[in-house]
Amino acid sequence: MKNILKFVLFLFYTIFLFLIKDVKILILAILLNFIVTFLLKTSLRNIIYSTKTFLPFVVVTIFFNIFLASVQEGILMGIRIMICYHVTYLFSQTMTVLQVANVIQKISMPLKLVKVNTKNIGMMISISICMLPILKREMETLIKTMNAKGEQLKLNNMVILMKNMFISILKKTSQMEKTLLAKAYEE
């Protein structure tokens, strides 16, 4: 029950972040995040390191919002995304992938009334969460391979990179399917 409450609070908090228009409330959200960080005794060094890898995405998002809306909206969106990323990082430190999959399976129990297999939903969520670090490593390997060949990361090279990434994803998915079938996982 505790994990379900934590998950639901996480969802509502992240949705609420994107509905906030006032800077003062966003500052309160930042303070709340730091309080939770210290209560959970999370390493600030790990948070800063993971934030540095996420920062280019935030900068691009800010520029798109400045271009499409306004400077204020771009900055607010950047702050929202950073807060959301920080909350997601804290959430990932408090729950394992299996716990998240179990919570989603329990939350989706009403779908059993319309004959949806909630066990499969939990399995799909856990597999997709576990695939994220694998995909990140795969992307880094492909980029290093391109750099070793003397290729620069350009738009036309992105097609080749994505093609190789897609092939890798299909191979890993096929391996997972064979593993699940070998373990007699039922649909």
Placing +1 at every Lys and Arg Cβ and -1 at every Asp and Glu Cβ, with all other atoms neutral, what dipole size does the chain have around its Cα centre, in debye to the nearest 20? 360 debye
Options (i) 1, 7, 14, 20, 21, 19, 12, 5, 1; (ii) 1, 6, 11, 13, 15, 15, 15, 13, 8, 3, 1, 0; (iii) 1, 7, 15, 18, 19, 15, 11, 6, 4, 2, 1, 1, 0, 0 for P(r) over Cα pairs in 5 Å bins from 0, in percent; the value derived from the coordinates is listed as (ii)
Between the residues Phe38, Leu68, Thr51, the Cα farthest towards the positive end of the dipole of the range 1-95, that dipole coming from +1 and -1 charges on the beta-carbon of Lys, Arg, Asp and Glu, is from Phe38
When each of Lys115/Lys178; Lys119/Lys172; Lys2/Lys115; Lys6/Lys171; Lys2/Lys106 is checked by Cα-Cα distance, pairs over 23 Å: Lys115/Lys178; Lys2/Lys115; Lys6/Lys171
In the range 16-80, the trypsin sites (Lys or Arg not before Pro) that fall in loop regions by DSSP, at most 12 other Cβ within 10 Å: Lys21, Lys41
Helix-only mean residue ellipticity at 222 nm for the chain, each DSSP H run of n ≥ 4 adding -39500 (n - 2.57), per residue, nearest 500: -28500 deg cm²/dmol
GNM flexibility winner over the chain from Lys119, Lys172, Lys144 (Cα, springs under 10 Å): Lys144
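A short reminder: the numbers here are calculations on the coordinates, not readings from a lab. Keep in mind that what you see is a predicted model, and the values were worked out from it rather than measured. No Cβ is skipped: glycine too gets one built from the backbone with ideal geometry, and neighbour counts run over all protein chains shown.
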